[in-house]
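Visitor: To start, I am sharing the structure in question, which I have written as structure tokens.
The values are calculated or read from the model by the stated rules, or taken from the named source; none is laboratory data. Since the model is a prediction, treat every value here as computed from it, not as a measurement. Backbone-built Cβ (ideal geometry, glycine too); neighbour counts: all protein chains shown. All accessible areas refer to the heavy atoms of the entire protein, side chains included, with ligands and DNA or RNA removed. Shrake-Rupley method; radii C 1.70, N 1.55, O 1.52, S 1.80 Å.
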Amino acid sequence: MAPRSVWSGAITFGLVTIPVGLYSATEDHTVHFHQYVRGTSDRVRNQRINERTGEAVPTEDVVKGREVEGEIVVVEPDELREIAPGRSQAIDVIEFVDLAEIDPVYFDRTYWVAPSDQRYEHSYGLLCRALAQSGRAGIATMTMHGSEHLTALRADGDVLALQTLFWADEVRDPAEQLSSLPVQEDPKRQELDTAIQLVAAMTTTWKPDQYEDTYTRRVEQLVADKREGREVVPAEAPEDATEVSDLLEALRRSVDAAGAGEQGEQGEQGEQGEQGDDLSGLSKAELTARARELDISGRSRMNRDELARAVADASGASRAS
């Protein structure tokens, strides 16, 4: 079954119009639960209840309303649709900006954009290539699901992506949200240099597929363990906060550990794992998963090289026994 677009319309910039469709670029893999009455298999369901009578209200009898100076103003769904802004079904590009200038706090949801017909693939590709080579994004407004959205149209490889953005008045000021702003004291030169050195030692290429939602996997394991009557093993507690007096030493040890891990990845060969397999090609996330399966303690504090050695040692011990 071919994917269905969640919106169809056209991109307009200058005097150019390109008919397109939007497709969801992401999906939620969170484990969802139903609600039950404890000790039974009775489902608990949410209902719309009249708070005065306590009776359930049919969906068709529910309307939207807003209290203004003690008066309830009722608004019908048709009235909201009639005043929806920009009913022209257009992604109307207002201007172009450097993509790097957009603070990530403004990004909301992502959609893939595709031409609605092969006839428009050339103009679509031209816009995509222009955005990619210029490093810019088109700032546009559009109407979707009865609301007006501010968006950024950008190139993602050979495909256009559309990011819905929060409006400026929807982004909260940290000064208003935090009880007190952190006091930025000037760090000691040695501390700052070592911190920068640690950042450099831990810098790598962005590879999103090497990261894993371990909590979702733990939830699935919890359900399986409870179903089979197995013991539920709690996760390790977080590390204690580093005291200011220990900060420099902690930074130095972190740099040493990161450097050792880098050397291990480049120079060590023949790390043998559970089935005699080579561990040298595994990412840190994959080694962490192996370490969890082997119940290796302290794995959350290990760098990639330490994880590889611990997994190899535990696998060897497992085979020997």
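Visitor: For segment 173-182, take each phi angle, set θ = phi - 60°, evaluate the Karplus expression 6.51 cos²θ - 1.76 cosθ + 1.60, and give the result in whole Hz per residue in order, putting x for glycine and proline.
Guide: 6, x, 5, 8, 9, 9, 4, 7, 6, x
Visitor: Counting only DSSP beta bridges with both residues in the chain, tell me the antiparallel percent, nearest 5. Show your work: numbers first, answer last.
Guide: Values: 45 of 48 bridges.
Expressed as a percentage, antiparallel bridges in the chain total about 95.
Visitor: Between (i) 22.2; (ii) 26.1; (iii) 19.9, which matches Kirkwood radius over Cα pairs in Å calculated for the structure shown?
Guide: (ii)
Visitor: Which lysines does LYS284 reach when only Cα atoms under 17 Å apart count, and residues fewer than 8 places away in its own chain are ignored?
Guide: LYS207
Visitor: Could I ask something else about it? Averaged per residue, what accessible surface does the chain expose to a 1.4 Å probe, in Å²?
Guide: 74 Å²
Visitor: Quick one: length gained pulling VAL97 to ALA200 fully straight, 0.36 nm per residue minus the C-alpha distance?
Guide: Full-extension gain reported as 34.1 nm.
Visitor: Within segment 89-114, find all residues whose amide N lies under 19 Å from a label point positioned 7 Å from the Cα of ASP213 along Cα-to-beta-carbon.
Guide: Counting only backbone N, you get 108-112.
Visitor: Quick check: with the 1.4 Å probe, what order do ASP313, ASP240 take by accessible area, largest first?
Guide: In descending accessible area the options line up as ASP240, ASP313.
Visitor: With a 1.4 Å probe and every protein chain kept in, tell me what percent of the accessible surface of the chain is carbon plus sulfur.
Guide: 49 percent
Visitor: Mean separation of Cα pairs under 8 Å and 6+ residues apart, divided by the residue count of the chain: what relative contact order is that in percent?
Guide: 12 percent
Visitor: Another question, then. Can you compute the FRET efficiency between VAL244 and ASP295 using 1/(1 + (r/R0)^6), with r the Cβ-Cβ distance and R0 = 35 Å? Round to the nearest 0.05.
Guide: Efficiency computed from Cβ-Cβ geometry: 0.50.
Visitor: Just going by the charge dipole of the chain, with Lys and Arg at +1 and Asp and Glu at -1 on Cβ, which of GLY39, TYR215, GLY70 is farthest out on the positive end?
Guide: Result: GLY39, furthest along the dipole toward the positive end.
Visitor: For the Cα atoms of the chain, what angle does the longest principal axis make with the long axis of helix 304-320, in degrees from 0 to 90, nearest 10?
Guide: For 304-320 against the chain, the angle is about 60 degrees.
Visitor: Let me ask something else about it. Tell me, in nm to one decimal, what length is gained between THR17 and ALA237 on full extension, where the rule is 0.36 nm per residue of separation less the Cα-Cα distance?
Guide: Numbers: separation 220, 0.36 × 220 = 79.20 nm, distance 5.57 nm.
Here the answer is 73.6 nm.
Visitor: Given the Cα-Cα distance of ASP225 and GLU286 and 0.36 nm per residue of separation, how much length would full extension add, in nm?
Guide: Length gained, ASP225 through GLU286: 19.8 nm.
Visitor: Between HIS122 and ALA168, take the C-beta separation as r, use R0 = 45 Å, and let me know the FRET efficiency to the nearest 0.05.
Guide: Working: r = 36 Å, r/R0 = 0.79.
For HIS122 and ALA168, the calculated efficiency is 0.80.
Visitor: Can you show me the helix-derived [θ] at 222 nm for the chain, built from DSSP H runs with n ≥ 4 at -39,500 (n - 2.57) apiece and divided by the number of residues, rounded to the nearest 500.
Guide: About -10000 deg cm²/dmol.
Visitor: Along the Cα→Cβ direction, 7 angstrom out, place labels at GLU67 and ALA175. What is the inter-label distance in nm?
Guide: 3.3 nm
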